[in-house]
Amino acid sequence: MVDKNSLLYWYPKIKDIVPTPKTVWVEIPEDEFPLEWVDKGIPENIKKELKSKAEQIKYPLFMRTDHFSAKHSYEYTCYVQNESKLIPNLMELIQMSYCADVLGLPLDAIVLREFLELDSVFRAFGGRLPIAVEVRWFIRNGDVQCCHFYWIKNAIRFPDKPDWEERLERMKKRAYDELDIHKKLALKIAKVMDGYWSVDFARTKSGEWICIDMALGEQSYHPSDCPYLSEEERKIMMKYEKARSR
């Protein structure tokens with residue numbers, strides 16, 4: 001049974017009802033352990049299939065696993081500028097996937113996605129990630145619940161612009177000014193997804209809102225000041241926010 005947090009589970013359910021990046025993937029055989037590829041190399045059949053799928057998407061492209069993108073290391077993981085970067089970035093992505101949780105995150109597929117120019121005005125983190133206009137909706141049992149600007153100020157590290165805080169505020173305003181647009185998209189997704197989910201949308205340079213990610217709601221970051229949180233959830237999120245502010 002596919003893990004619900006896996007792109008392999010949720011993407012097929014929403015790809016035809018809201019805008020999403022063109023997406024293909026290569027599933028990992030059950031007898032393969034991707035972490036071993038870092039030392040032994042990727043099996044030739046999988047490497048060949050990856051390169052073939054990449055030709056369908058075209059470079060540059062966005063690469064992730066079905067659970068994880070390691071986006072904070074952007075230029076070394078998820079952003080693949082050309083074919084020469086495909087395998088080196090994949091190796092880094094795999095290692096970070098297995099380091100991202102105590103037991104490592106599940107890794108059932110390598111996902112290649114159309115690269116879209118997002119509405120971004122500065123970069124941050126060690127991988128020079130473009131910080132874009134993004135929102136996170138929470139949907140529950142067929143309806144929309146709440147919406148939050150994705151980037152919290154205390155989470156930003158190593159911004160490349162001295163006025164990044166002002167830029168971030170302008171991005172936040174743009175996101176909420178267009179709330180009705182992405183709310184309609186979130187509601188479409190809510191109608192086809194049972195239960196409680198977080199749904200992430202990003203604004204492209206051309207002004208289109210696209211769905212870029214989803215996850216189970218109870219396993220997603222949710223701002224601690226949101227009235228929809230239970231007291232137990234609020235304590236967990238406050239602890240997380242405190243750690244991020246150090």
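The values are calculated or read from the model by the stated rules, or taken from the named source; none is laboratory data. Just so you know, these numbers come straight off a predicted model, no measurement behind them. Because the Cβ atoms are built from the backbone with ideal geometry, glycine has one as well, and the counts that use them run over all protein chains shown.
Worth a mention:
- Selected residue [of a type in the set (Val, Ile, Thr), at pLDDT 95 or above and buried (at least 18 other Cβ atoms within 10 Å of the Cβ)] from 210, 156: 210
- Under the condition of being exposed (fewer than 15 other Cβ atoms within 10 Å of the Cβ) and either of a type in the set (A, V, I, L, M) or assigned to a helix (DSSP H, G or I) (or both), the residues counted in segment 217-235 number 5.
- Set 112, 179, 168: member being surrounded by 13 or more Cβ atoms within 10 Å (Cβ to Cβ) and under 17 Å from the mean Cα position of the chain (by Cα): 112
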